[in-house]
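Q: Structure below; questions to follow.
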Amino acid sequence: MRRSVTPALALGFCALLVTALPAHATTERTAHADSYGTKAPYAPQQNPRSHQHAPAGFTPVFTENVSRHGSRAASDSEDGDLILALWEKAESEGQLTSTGREFGPRVRSLLDAMAEVGYGNLSGRGRQELQGTAVRMEQRLPELFARIAEENKKIDVVSSGQTRAVDSGKAFTAALAGTDPDLAPLIGAPRTDKDLLYFHKAAGGAAYRDYIAHDERLARTLKGVTDQPATHDAARSVLGKLFEPAFVQRIADGDFSSIGSDVDAAEAVYNLYGIAPAMRNESPGGRGWGMERYVSHSDAAWFGYLSDAEDFYQKGPGFRDSDVTYKMAGVLLDDLFEKVEAQRNGTSDLGAELRFTHAEVLIPLAALLGLPGSTEAVTAGQPYTYADNPWRGASVSPLGANIQWDVFRKGDTSLVRMLYNEKETAFKQGCTPVSKGSKFYDLEELERCFGRANRTR
């Protein structure tokens, strides 16, 4: 019998869904999610029971996604090394607070855990995030995956080639195959396409790299955002939890300039705070690292804003008179359309196209698509602030973030539905759905709306 699942497997999938969304995820995603920026843990943004049904007579024929890798270890030990150097100096001089005395050993344990995972590599939580996303994809589209298995449709898997993206693809496809063993032989060998999924470092990103390295307006704007009294106040507040006042003053006065400034030191603490949830599974007993003990909510919010500002200008909507941060994502938008158009034209044998990449790719794609929170650029005279711009890294591109297009067909008509972090999401302003309030769009309407109408058939 097709698509039967044993009781043991069924229990396993239930457990997978639970562990993919730990109980603490709600707290992280609501009360203080923004303070984590793009290091925020993943959580699906809509219950699939509330998803709209396809119009009568339309059946699913294809799905494709662009997924950021899941939670990971920090890229390197630099932050831990910096703050531990100051901590050891303070310890030798008796300048640690009672809270500070416990900080050093905790940081060392976190660094050891990240070294064991491998700096920059997918963590246990990251694997769970991708596994859960895969299982929920199949549960939303059981008719499609039954057809893929029955008709021997191919499932293509492509990534940036970076280890955490490759491993995210492996976790996703293994969980997808676990929903039905007949899918396993249809999942293609993972392939790498850096031009498509690492375009900021490929030939298509040359203008972008020049902007990051040499644009004076960008450098001036980011300096203005960071170099505010509020930054130094927050830095002293963070350091004051660890070190006695006289030692904090010495840091601020530059006595340890070879190690870093007060802002450098506080940002190092904040960065450890930010990465800790991604490493929760590797903490003692899986209870977490308790890094929130060392960064108050208000200080985390400020440093989260600074992190978001950098990402906004370097990857997101950026300046109103420039598209350099997201124009290069056009190659990926073209690929999304081309895969759907091949289905419409009968020239594809794919049932699913699965892509695994990074924030540097997903954030520009969100801006190019005009997704919620990514539509408002700024001017040099009115810089990015939380007060007047909705862009938030924790919403636009948390760890494990994803964009998915599902294709439904009836006769010669193809409809497309978009999910953004598993929430049904309207296409950009100017695209008209099949009916008022619907999240389904005729493919020809999307081609018109995105300027592809004269180049696709």
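The values are calculated or read from the model by the stated rules, or taken from the named source; none is laboratory data. Computed from a prediction, not measured in an experiment: that's the story for all the values here. Reconstructed Cβ throughout: ideal geometry from the backbone, glycine too, with neighbour counts over all protein chains shown. Heavy atoms of the whole protein, side chains included, go into the accessibility calculation; ligands, DNA and RNA do not. Shrake-Rupley method; radii C 1.70, N 1.55, O 1.52, S 1.80 Å.
Q: All but one of (1) open to solvent by 10 Å² or more (accessible area, probe 1.4 Å); (2) of a type in the set (Lys, Arg); (3) farther than 21 Å from residue 51 by Cα hold for residue 136; which doesn't?
A: Only one criterion is unmet by residue 136, namely (3).
Q: Among the listed residues 380, 359, identify the single one that is closer than 20 Å to residue 327 by Cβ and modelled with pLDDT under 95.
A: 380 is the lone residue from the list that is closer than 20 Å to residue 327 by Cβ and modelled with pLDDT under 95.
Q: Same structure again: Given the criterion outside any helix (DSSP H, G or I) and surrounded by 15 or more Cβ atoms within 10 Å (Cβ to Cβ), identify the matching residue among 56, 113, 85, 74.
A: On inspection, the qualifying residue turns out to be 74.
Q: Pick from region 285-333 the residues that are open to solvent by less than 50 Å² (accessible area, probe 1.4 Å) and of a type in the set (Phe, Trp, Tyr): which of them is farthest from residue 263 (Cα to Cα)?
A: Result: 319.
Q: Show me the strands (runs of 3 or more DSSP E) found entirely inside region 374-455 where at least 2 residues are of a type in the set (A, V, I, L, M, F, W, C).
A: 402-410, 413-420
Q: Further, regarding this structure: In region 436-451, what residues are without any contact (Cβ under 8 Å) to a residue 24 or more places away in the chain and either in contact with a Lys or Arg (Cβ under 6 Å, 6 or more places away or on another chain) or of a type in the set (A, V, I, L, M, F, W, C) (or both)?
A: The one that is without any contact (Cβ under 8 Å) to a residue 24 or more places away in the chain and either in contact with a Lys or Arg (Cβ under 6 Å, 6 or more places away or on another chain) or of a type in the set (A, V, I, L, M, F, W, C) (or both): 449.
Q: Just checking, how many residues over region 352-393 are among the small types (Gly, Ala, Ser) and surrounded by 24 or more Cβ atoms within 10 Å (Cβ to Cβ)?
A: Summing the residues that are among the small types (Gly, Ala, Ser) and surrounded by 24 or more Cβ atoms within 10 Å (Cβ to Cβ) in region 352-393 gives 5.
Q: Would region 120-129 turn up any residue that is over 25 Å from residue 293 (Cα atoms), surrounded by fewer than 23 Cβ atoms within 10 Å (Cβ to Cβ) and modelled with pLDDT of 95 or more?
A: Checked against the condition, which is being over 25 Å from residue 293 (Cα atoms), surrounded by fewer than 23 Cβ atoms within 10 Å (Cβ to Cβ) and modelled with pLDDT of 95 or more, region 120-129 yields at least one hit.
Q: Further question: Is it fair to say residue 103 is assigned to a helix (DSSP H, G or I) and more than 30 Å from residue 255 (Cα to Cα)?
A: So residue 103 fails the test.
Q: Continuing with this model, one more query. Quick test of your reading of the structure: residue 300 fulfils all but one of (1) touching a Gly at 6+ places or on another chain (Cβ under 9 Å); (2) over 18 Å from residue 269 (Cβ atoms). Name the failing condition by number.
A: Unmet for residue 300, out of (1) touching a Gly at 6+ places or on another chain (Cβ under 9 Å); (2) over 18 Å from residue 269 (Cβ atoms): (2).
Q: Of all residues being buried (at least 20 other Cβ atoms within 10 Å of the Cβ) and over 20 Å from the mean Cα position of the chain (by Cα) in region 409-431, which is nearest to residue 363 (Cα to Cα)? Just the residue, please.
A: Per the criteria, the residue is 417.
Q: Given the condition open to solvent by less than 60 Å² (accessible area, probe 1.4 Å) and either farther than 30 Å from residue 356 by Cβ or without any contact (Cβ under 8 Å) to a residue 40 or more places away in the chain (or both), answer yes or no: does some residue in region 277-284 qualify?
A: No, region 277-284 has no match at all.
Q: Now for a different question. For region 294-338, how many residues meet the condition of being hydroxyl-bearing (Ser, Thr, Tyr), part of a helix (DSSP H, G or I) and closer than 18 Å to residue 229 by Cα?
A: Number satisfying all stated conditions: 3.
Q: Can I ask one more? For residues in region 145-195 being without any contact (Cβ under 8 Å) to a residue 40 or more places away in the chain and part of a loop (DSSP other than H, G, I, E, B), which is most open to solvent (accessible area, probe 1.4 Å)?
A: 152
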